[in-house]
Amino acid sequence: MPQASYLEVLTPQNSQIIFIDQQPQMAFGVQSIDRQVLKNNVVGLAKAAKAFDIPATITTVETGSFSGHTYPELLAVFPEHRLLERSSMNSWDDQNVRDALAANAAQGRKKIVVSGLWTEVCNTTFALSCLHDTDYEIYMVADASGGTSLDAHNYAMDRMVQAGVVPVTWQQVLLEWQRDWARRGTYDAVMDIVREHSGAYGMGVDYAYTMVHKAPERVQHGETVGPNPAQA
């Protein structure tokens, strides 16, 4: 990758995203990150892509014989998307995957954001092969991917970085796409994603909206009763 490419931020115009093997049997083997956190991050990343109209490719491996169906929460974000089924662990070996990525790259979207399982196998082989054969750039979402051990994940990330892959996190990608809070067209969608998927950051947003800016709470609930100190 040319050095100048590292200096370009991700934008809604230069990016596309691929989700690789986000399937239950693959997730069962993940030990590098809490699996509920992993799914939260994957779905948050998917919603970010949807909010910014980022073209998304979803690819799966051995769905019927081993891996199971893609997370329903991920599919719900992209209900009309085709699922590109493969036999190879390396997504780059599948022509349908190559064609999908190439169609987006032809529109100037050569920065490929990657979220997949497992980091040390499906992510690494895809990234290395793609970089070897094209002028695309790979942005590996470390906390929306997982390996069979922490070492497996970390050393795979190290290997990919040595080859030119750019490591990122899902929230970093979201906020890099937003870039400026004056961009009101996506502001509300970003805040919704943050409140739903960003943990303490999302709690802080809710607090600021309701306690500082006096906005109504996001949900309706029953009457608040009390305090009513008990008599001694």
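The residue that is most open to solvent (accessible area, probe 1.4 Å), among those in segment 172-185 that are more than 19 Å from ASN41 (Cα to Cα) and not charged (D, E, K, R), is TRP181.
Yes/no per residue for (1) surrounded by 14 or more Cβ atoms within 10 Å (Cβ to Cβ); (2) of a type in the set (D, E, K, R); (3) not assigned by the TED database to the domain that holds GLN172:
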residue	(1), (2), (3)
GLU80	no, yes, no
TRP92	yes, no, no
ARG98	yes, yes, no
VAL114	yes, no, no
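Here's the yes/no breakdown for (1) part of a helix (DSSP H, G or I); (2) of a type in the set (Gly, Ala, Ser); (3) surrounded by 17 or more Cβ atoms within 10 Å (Cβ to Cβ); (4) assigned by the TED database to the domain that holds ASP21:
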position	(1), (2), (3), (4)
HIS153	yes, no, yes, yes
PRO167	no, no, no, yes
ASP188	yes, no, no, no
MET191	yes, no, yes, no
GLY204	yes, yes, no, no
MET211	yes, no, no, no
GLY222	no, yes, no, no
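Residues that are among the small types (Gly, Ala, Ser) and part of a helix (DSSP H, G or I) within segment 193-202 comprise ALA200, GLY202, listed in sequence order.
Scanning segment 116-138 for residues that are touching a residue at least 12 places away in the same chain (Cβ under 8 Å) and open to solvent by 10 Å² or more (accessible area, probe 1.4 Å) gives TRP118, GLU120, VAL121, THR125, LEU128, SER129, LEU131, ASP133, THR134, ASP135, TYR136, GLU137.
The set of residues from segment 42-68 being open to solvent by 10 Å² or more (accessible area, probe 1.4 Å), part of a helix (DSSP H, G or I), in contact (Cβ under 8 Å) with a residue 24 or more places away in the chain and not β-branched (Val, Ile, Thr) comprises LYS47, LYS50, ALA51, PHE66.
How about segment 69-96: which of its residues are in a helix (DSSP H, G or I) and in contact with a Phe, Trp or Tyr (Cβ under 7 Å, 6 or more places away or on another chain)? Within segment 69-96, LEU74, SER91, TRP92 meet the criteria. Filtering segment 1-41 to residues that are open to solvent by less than 60 Å² (accessible area, probe 1.4 Å), in a helix (DSSP H, G or I) and either at pLDDT 95 or above or among the aliphatic types (A, V, I, L, M) (or both) leaves PRO24, MET26, ALA27, LEU38, LYS39, ASN40, ASN41. Of the residues making up segment 146-192, those that are closer than 22 Å to TYR136 by Cβ and of a type in the set (Val, Ile, Thr) are VAL161, VAL165, VAL166, VAL168, THR169, VAL173.
Just give me the residues in segment 69-94 being without any contact (Cβ under 8 Å) to a residue 40 or more places away in the chain, under 17 Å from MET140 (Cβ atoms) and of a type in the set (A, V, I, L, M, F, W, C), in sequence order. Outline the logic, then answer.
In the first step, residues of segment 69-94 are kept if they are without any contact (Cβ under 8 Å) to a residue 40 or more places away in the chain; the result is 72-73, 75-90, 93-94.
So of that shortlist, the ones also under 17 Å from MET140 (Cβ atoms) come out as 89-90.
Result: MET89, single match.
The values are calculated or read from the model by the stated rules, or taken from the named source; none is laboratory data. Small disclaimer: the values here were computed from a predicted structure and weren't measured. As a convention, Cβ positions derive from the backbone with ideal geometry for all residues, glycine included, and neighbour counts pool all protein chains shown. Side chains are part of the model used for accessible areas, which takes the heavy atoms of the whole protein and leaves out ligands, DNA and RNA. Shrake-Rupley method; radii C 1.70, N 1.55, O 1.52, S 1.80 Å.
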